[in-house]
1. List Leu302, Leu431 from most exposed to least, where exposure is judged by having the fewest other Cβ atoms within 10 Å.
2. Are there any GluC sites (Glu not before Pro) in segment 72-105 that are in a DSSP loop and have at most 16 other Cβ atoms within 10 Å? List them by number.
3. Under a plain spin-label model, where a point goes 7 Å from the Cα along Cα-to-Cβ, how far apart in nm are Asn25 and Lys238?
4. Just add up the charged neighbours of Thr391: K/R +1, D/E -1, any other residue whose Cβ is under 14 Å from the Cβ of Thr391.
5. May I ask for the net charge around Glu220, where only other residues with Cβ less than 12 Å from the Cβ of Glu220 are counted and Lys, Arg are +1 while Asp, Glu are -1?
6. Can you sort Cys104, Cys42 by how many other beta carbons sit within 10 Å, fewest first?
7. Assuming R0 = 41 Å, can you tell me the calculated FRET efficiency for the pair Asn123 and Thr364, based on Cβ-Cβ distance, to the nearest 0.05?
8. Give me Met330, Met341, Met288 sorted ascending by neighbouring Cβ count inside 10 Å, so fewest comes first.
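FYI, it's all coordinate maths here, none of it is from the lab. Here the structure is a predicted model, which is why all the values come from computation and not from measurement. Neighbour counts are summed over all protein chains in view; Cβ atoms, including those assigned to glycine, are modelled from backbone coordinates with ideal geometry.
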Amino acid sequence: MTMENNLEEKEITTKLKLINAFTKNKDIFTPSRGNLIRWYICGPTVYDSPHLGHARTYVSFDIVRRVLENYFGYQVTYVMNITDIDDKIINKAKETKMEVSEACKIITKKYETEFFEAMDNLNVQRPTFTTRVTNYVEKIVTFIEKLMEKGFAYESEGSVYFDLVKYRENFKHPNFVNESAINEETEELENIYKKKNKIDFVLWKKSKEGEPVYNSPWGEGRPGWHIECSAMASDLFKDGLDIHSGGCDLAFPHHENEIAQSQAFLNSNLWCPYFLHSGHLSIDGLKMSKSLKNFITVEESLKNFTPRQLRILFLNTNWWAPMTYKLESMEYSKKIEAKLMNFISISDSFIKNSEIEDNFKNVTDQDSMILEILENTKISIHEAFCDSINTFKVLTAILNLITVIHQKIENLSIRVIYVAKQYVVSILNLLGVVEEKKGFDSLDQDVLKLVCDFRANV
C-alpha cells in the first residue's frame, strides 16, 4: 500500500499536477499506461567533473522519482543517457598529446565514472537503464534513414539535416523560447554546410580531420547532439514517453529539436506529454556551468557538507524554481538537518526509556491536540505532493510539526511520540533524507521484550 492510500478515509480528492514545460501549465498527471511511467532524462556530457549544477538536477529528479514511486505508487522505468560523443569532448581531447579518438575514450571513461560515483555519494538512485551514444551509433543512423524516407531530412555535402520547415507544415510544435531565437549550433554550421533553410539543424555531421569518425551511408562522420536522445529514447520506448526531463537550459534547442525529430519519426503530434525542467543553479548571479568555469564540483562540496545537507538544500527550493548557491543557504540546511535529527534522537530516547504501562495510558488533551495536528500535517503534505511535488511546502510542514511536538513532548504519551516520529521518518525516508530501519523498530523490540518478561514472571 502506498502512503497516498492511507489518506483515502479523509476523502481527499486532490490529484497530482505537474508543472509542464511542454504546455507551460500545471497539468493533471495522467500516464498513458495506468500506473506505468516511461521516463527519459538527459544525462551528462562526460568531459569534466560533475558539479553542483548537475547535483541540483539529478538530486531534484531523484526526489520526484521517489515520490512518484513510493508515495503515489507508480512503476517508473527511468532511462538516462551518457553523451560520450560531443564537440566539448573532442576539444578537450585535442588539448592532450594523444591521438584524438583514443583521448576521447579515456576522457569519457574517467568522467562517466566520476559522475556515477558522485551520484552514488549523493544517494541518487541508479537509472533503470543507462544508454551511451557510442553504443547507439548504428541505431542513430537507422533513425536518420527513417526520417529521410519520410521526407523530413536531407543530405548535403556529407552531412544530414532536419527539414524544420517541412516538419512545421505537418505537425504541431512547441515553442520553449521565443520564435525568433536562433540555434547557435545552426548559425555555426551554416557557414560550413549548405542547408535548405536557415533554421534546419544537423542530424549527422561530416567528419573533420582529427575527429572520431563512424561509418554511415553519407560517409564518415558522427551524430548530431539532438538526434542522439531521440534515437535512444525511441529504442527503449517504442511509441513515446510519459515524462522527459532535464535542466531548463536544455529546453531550446535540444528538447524542442528532440520533439520535432520524434514526432516526425513516429508520425504523431504527441511524443511526450510532460516535460519537466529543473531550474538553474546560480552562483554570484551567474548560472553555474562548466563553460563559465564558475562551478563547484560535487567532490569539493562533499569535503565541507554532507550529502544529506545538500539534499535538504535542494528540497528547500522546488525542483522547477531557480536557486542561488551561497554559504548562508548551506548553513541553513545544516540547521534544518540538526533539527530533524535532534527530533528523531529525542523521540527515540523517550521511546527507549518508556515502560510497558506507558503504552496503555489514556489519551490526554495534549495528545489529542498533537494527533489532530499530525492528521492536518498529513493532509498538507499530500496536497503539497499533489502540487507538482512541492518539496518546500513538505519540508515546511514537517518542520512546523516538529516544532510543536518539541514544545509538548514532556507531556505526550509514548504512543503519540512514536506515531509522530514514525510519520516524520517515513516522509524523510521517502525523500531520500534518512534510511528507514528494517524489521522491528526500537519501540516494537522494547515492547516485545517487556511482554516476554511479563509473561515469564507470571
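1. By the 10 Å Cβ count, ascending, the order reads Leu302, Leu431.
2. Answer by residue number: Glu95, Glu99.
3. Reported label-point gap for Asn25 and Lys238 is 3.2 nm.
4. Numbers: positive: Arg56, Arg65, Arg66, Arg311, Lys393; negative: Asp62, Glu383, Asp387.
That works out to +2.
5. Details: positive: Lys205, Lys206, Lys208, Arg222; negative: Glu209, Glu211.
Residues close to Glu220 contribute a combined charge of +2.
6. The order, fewest Cβ neighbours first, is Cys42, Cys104.
7. 0.60
8. Numbers: Met330 17, Met341 14, Met288 21.
Going from sparsest to densest Cβ surroundings: Met341, Met330, Met288.
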